[in-house]
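The values are calculated or read from the model by the stated rules, or taken from the named source; none is laboratory data. Here the structure is a predicted model, which is why all the values come from computation and not from measurement. Cβ coordinates were reconstructed from backbone atoms using ideal geometry, including for glycine residues, and neighbour counts include every protein chain displayed.
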Amino acid sequence: MRIVMMGTGPYAVPTLISLYGSAHEVAALVTRPDSGGPGGRETSINPLRQLAVAEGTPILDPEDVNSSTAQIALNHFSPELLIVCDYGQILAPETLNIAKQGAFNLHASLLPNYRGAAPIQWAIYHGETQTGNTVIHMNSKLDAGPIVAQQVVSIGPEETAFELEERLAVLGAGLVQDVIAAVEEGSLTPLPQNQAEVTRAPKLTKSLGDIDWTRSAEAICNQVRALVPWPKTHTHWLRAAAVPLRVIIEKVTAERGTDRVRPGEVVEADDDCLLIATGDGSLRVERLQPAGKKSLLASDFLRGYRISVGEFFGTPKNKDG
């Protein structure tokens, strides 16, 4: 089949590679301009653009894919299918109708759960133990088209969003190939989404990374895992006799709580153990990065910085500190 691929972010890479390795023709790549990526990610390198250049595939990168200019350019390639993955724009009906056999989107959740730009991150943030991939026959609403294929995937207890995205991307490429085969055979059986079960996965923001120490240790663990590689999770060491030090928290584990301590209070700070109280349980910090410095194991951090039991981590009263 003659296919136009639409994508920008890394989740779409295995799907494009799979299309290049198939008997289908990739007539063009439609991607976002290089100023940024979907899901709230800041990016300077577009991996799909690199692949298309290497393969000699024509590239379209309109600011607005639904503009008449973009639609005329897209129509020039006479696609039978649009395959959309991690693209970053909602397609208008006129754009969707350019492909004779329709447009199909690979989405990294079990729709109708986690519609939106950051489904992988929000699934981990909310402590889900499973997620998956869904392919929908697209309509003009965000992630709302009927489901044509779906696969369920377990989330590892320590798996980060970066790791899960890599795994789902590879699995999703195979699912897309199954859908294309079903289109050719005329055997698709679309299933409407249950509107009562819709949940959202909005674009990530930098402020989402700020740790609220009144939350549970488990919830903060999920937050840390969810926000890798962006925007990452951060807090401040509220030093008694110095300006608060901003630190990125990179790896943690949850432990049982300690009596008579307040959220954010340092419970242990010796040898290789940095233990901080939360609203429910304590958080053992295993790796962190001081502002402007390299990433450190907790043991190395504690050798370079004198943290005392009873000090606090949290948000400084003067946020410029």
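Within the range 158-186, the set of residues being under 16 Å from the mean Cα position of the chain (by Cα), of a type in the set (A, V, I, L, M, F, W, C) and either farther than 30 Å from Leu238 by Cα or surrounded by fewer than 18 Cβ atoms within 10 Å (Cβ to Cβ) (or both) comprises Phe162, Leu164, Leu168, Ala169, Val170, Leu171. In this structure, is Thr134 within 25 Å of Glu94 (Cα to Cα), within 16 Å of the chain's Cα centre (by Cα) and among the β-branched types (Val, Ile, Thr)? Yes, satisfied.
Yes or no, residue by residue, for (1) closer than 30 Å to Leu245 by Cα; (2) crowded, with 23+ Cβ neighbours inside 10 Å; (3) in contact with a helix residue (DSSP H, G or I) (Cβ under 9 Å, 6 or more places away or on another chain):
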position: Ala118; (1), (2), (3): yes, yes, yes
position: Ile124; (1), (2), (3): yes, yes, yes
position: Asn139; (1), (2), (3): no, no, yes
position: Pro146; (1), (2), (3): no, no, no
position: Thr205; (1), (2), (3): yes, no, yes
position: Gly209; (1), (2), (3): yes, no, yes
position: Asp212; (1), (2), (3): yes, no, yes
position: Cys221; (1), (2), (3): yes, yes, no
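The set of residues from the range 281-301 being buried (at least 19 other Cβ atoms within 10 Å of the Cβ) and hydrophobic (A, V, I, L, M, F, W, C) comprises Leu283, Val285, Leu288, Ala298, Phe301.
Every condition in (1) in a strand (DSSP E or B); (2) over 19 Å from Pro231 (Cα atoms); (3) hydrophobic (A, V, I, L, M, F, W, C) is met by Leu302 except one, and the failing one is (1). Inside the range 187-211, residues that are more than 13 Å from the chain's Cα centre (by Cα), in contact (Cβ under 8 Å) with a residue 24 or more places away in the chain and in a loop (DSSP other than H, G, I, E, B) make up a count of 9.
Residues Thr258, Thr233: which one is closer than 25 Å to Gly127 by Cβ and at pLDDT below 95?
Exactly one of Thr258, Thr233 is closer than 25 Å to Gly127 by Cβ and at pLDDT below 95, namely Thr258.
Criterion first (farther than 20 Å from Thr31 by Cβ and not in a helix (DSSP H, G or I)) does Gln177 satisfy it? No, not satisfied.
Select, from Glu286, Glu255, Glu268, the only residue that is under 24 Å from the mean Cα position of the chain (by Cα), at negative phi and outside the structural domain of Phe162 (by TED's automatic domain parsing).
Checking each option against the conditions leaves just Glu286.
For Ile307, the requirement of being touching a Phe, Trp or Tyr at 6+ places or on another chain (Cβ under 9 Å), touching a residue at least 24 places away in the same chain (Cβ under 8 Å), within 30 Å of Pro10 (Cβ to Cβ) and not assigned by TED's automatic domain parsing to the domain that holds Tyr125 is not met.
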